[in-house]
Amino acid sequence: MHIDIITVVPALLEGPFSHSILKRATDKGLLTVELHDLRKWAINKHGQIDDYQYGGGAGMVMMCEPLANAIDHLQTLRKYDEIIYLTPDGTTLNQKTANFLSMKENLLMICGHYKGIDQRIRDHYVTREISIGDYVLSGGELAAAVLVDSIGRLIPGVLNDETSALFDSFQDNLLAPPVYTRPADFRGWKIPDILIQGDLKKVDEWRLEQSIERTKSLRPDLLKDDE
Ligand code: 6GU
């Protein structure tokens, strides 16, 4: 998978993809992430990419021209499955969307700043608008990092143990069960006996039971939600 990201603050995205699972994905050649500084397509030598909004009101809006030129250029290099705009008024990201996007070849992500981007770019280029939750960030970059992480780890071959994503929280609308490692007794805090009795079938049953209990008590909305 190849992901292009258009941003005015590339530095914010230089760290997140160089570690851990996403680093493994890029090292294995399963994922490439390319950052594109929108200033390269600024409308003048002052690096202008935003302007006041029509109709008045505080806050700048990212202009059509730099964004359209950036997207047009990138579209000569790749055919995108989705052009995603990260915005708090988008559809809230969930595991189903991450699964869906992890099967794509080429994604383009646009990070907004200030008051956001000119609506005409959303109307004419963007195919999907994604938010990462009901709160406001100062720009789309951290949201893009979250989105790339959630997608990248699902690309086939990225995780060591292919099955491990199957047991993630949310993968079947259930939260993950509790996990323990050595020692079995820490300060008198003991792990559940069932985990050391060696009956793998019983362990599986216990884990499912725990998942259901956790979901019922912490996120009952997931059990109703059939999407
Ligand atoms: Cl995608 N962008 C911004 N600026 N704020 C957010 C968000 C995105 N998702 C939640 N809050």
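Of the residues F100, I155, G133, the one whose Cα sits farthest towards the positive end of the charge dipole of the chain is I155 (charges of +1 on Lys and Arg Cβ, -1 on Asp and Glu Cβ, taken about the Cα centre). Taking the accessible area of the stretch 30-183, probe 1.4 Å, and keeping the other protein chains in place, the carbon and sulfur fraction comes to 52%. Estimated at 0.36 nm per residue, the fully extended path between Y135 and K40 surpasses their Cα-Cα distance by 31.2 nm. Rolling a 1.4 angstrom probe over the protein heavy atoms with all chains in place gives the chain an accessible area of 60 Å² per residue.
Run through the DSSP bridge list for the chain and note the antiparallel percent, rounded to the nearest 5. It would help to have the intermediate numbers written out before the result.
Numbers: 6 of 28 bridges.
If we restrict to bridges inside the chain, about 20 percent are antiparallel.
Here the calculated FRET efficiency for L223 and E65, from their Cβ-Cβ distance with R0 = 45 Å, stands at 0.40, rounded to the nearest 0.05. At full extension, D72 and K115 could sit 13.2 nm farther apart than now, given 0.36 nm per residue minus the alpha carbon distance.
Classified by the C-alpha gyration tensor, the stretch 54-111 has an oblate form. Its axis ratio a/c, with a ≥ b ≥ c, is 1.5 or above, and a/b does not exceed b/c. Sorting T97, T7, T91 by solvent-accessible area of protein heavy atoms yields T91, T97, T7, largest first, with a 1.4 Å probe.
If I stretch the segment between K79 and H19 completely, what's the gain in nm (0.36 nm per residue apart, minus their alpha carbon distance), one decimal?
Working: separation 60, 0.36 × 60 = 21.60 nm, distance 2.77 nm.
Here the segment from K79 to H19 would lengthen by 18.8 nm.
The chymotrypsin sites (Phe, Trp or Tyr not before Pro) of the stretch 102-160 meeting both criteria, a DSSP state outside H, G, I, E and B (loop) and at most 10 other C-beta atoms within 10 angstrom of the site's C-beta, are Y135.
Sum -39500 (n - 2.57) across every DSSP H segment of at least 4 residues in the chain, then divide by the residue count to get the 222 nm mean residue ellipticity, nearest 500.
Details: 7 runs with 71 residues, N = 227.
About -9000 deg cm²/dmol.
Normalised by the number of residues in the chain, the average gap of Cα pairs under 8 Å and 6 or more apart makes the relative contact order 20 percent. Spin-label pair T26-D51: with each label point 7 Å from Cα along the Cα-Cβ axis, the two points sit 3.5 nm from one another.
Might you report the magnitude of the Cβ-based charge dipole of the chain about its Cα centre, with Lys and Arg at +1 and Asp and Glu at -1, to the nearest 20 debye?
Values: 25 positive and 34 negative charges, 90 e Å.
For this selection, approximately 440 debye.
For K104, the aspartates and glutamates whose Cα comes closer than 18 Å to its Cα, not counting residues fewer than 8 places off in the same chain, are D4, E34, D81, E82, E129, D149. Between N94 and L200, the distance separating the two model label sites (each 7 Å from Cα on the Cα→Cβ line) works out to 3.3 nm.
The values are calculated or read from the model by the stated rules, or taken from the named source; none is laboratory data. Predicted, not measured: the structure shown is a model, and the values here were computed from it. All Cβ positions, even for glycine, are placed from backbone atoms using ideal geometry, and neighbour counts span all protein chains on display. Accessible surface is based on the protein model in full, side chains and every heavy atom, while ligands, DNA and RNA are left aside. Shrake-Rupley method; radii C 1.70, N 1.55, O 1.52, S 1.80 Å.
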